[in-house]
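For reference, the structure is listed below as structure tokens.
Every number here is computed from the coordinates shown, using simple stated rules; none is lab data. The structure presented is a predicted model; accordingly, all values stated were derived computationally and were not measured. As a convention, Cβ positions derive from the backbone with ideal geometry for all residues, glycine included, and neighbour counts pool all protein chains shown.
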Amino acid sequence: MARYLSQHTLACLTRQGAEELSRRLHRASQVTARRVLVNMHEGKMLVEFDAPGREELEKWLVAEKFHFDWVLRLELESDGGGLLQPV
């Protein structure tokens, strides 16, 4: 599975609404939500996913009516020492 990061705009959403979105994301079976990060002040949410491919992730987001601003495939990440390793 490849790893992806997506950004979503949350218009007029309460904390309870954001928690419900997070629960929906974590219940997914076709893709796996690893982390959900929310900024209520700016109305933005970042989600880290494992998915078979970008097309499958985007199709799932559309089918679940999760509007997204962008999706980015992650290739490298740093460890505690700053070295980049494949995701």
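Annotations
- Ranked list, fewest to most other Cβ atoms within 10 Å of each Cβ, for 8, 41, 67, 26: 41, 67, 26, 8
- Angle of helix 54-63 to the longest C-alpha principal axis of the chain, folded into 0 to 90 degrees and rounded to 10: 10°.
- Cα-centre dipole for the stretch 38-87 with unit charges at Cβ (Lys and Arg positive, Asp and Glu negative), debye to 20: 160 debye
- Relative contact order for the chain: 39 percent, from Cα pairs under 8 Å spaced at least 6 residues apart, divided by residue count.
- If you run the Gaussian network model on the chain, springs between alpha carbon atoms under 10 Å, then out of 42, 55, 77 the most flexible one is 77.
- Across 76, 37, 61, mean-square fluctuation computed from a Gaussian network of the chain (C-alpha pairs under 10 Å connected) peaks at 76.
- Local charge for residue 62 was computed over the other residues whose Cβ lies under 14 Å away, with Lys and Arg +1 and Asp and Glu -1, and equals -2.
- Cβ-defined net charge surrounding residue 38, 15 Å radius [Lys, Arg +1; Asp, Glu -1]: +1
- C-alpha long axis of helix 15-26 to longest principal axis of the chain, angle in °: 50 degrees
- Value of [θ]222 nm, deg cm²/dmol, for the chain, DSSP H segments ≥ 4, -39500 (n - 2.57) each, nearest 500: -7500 deg cm²/dmol
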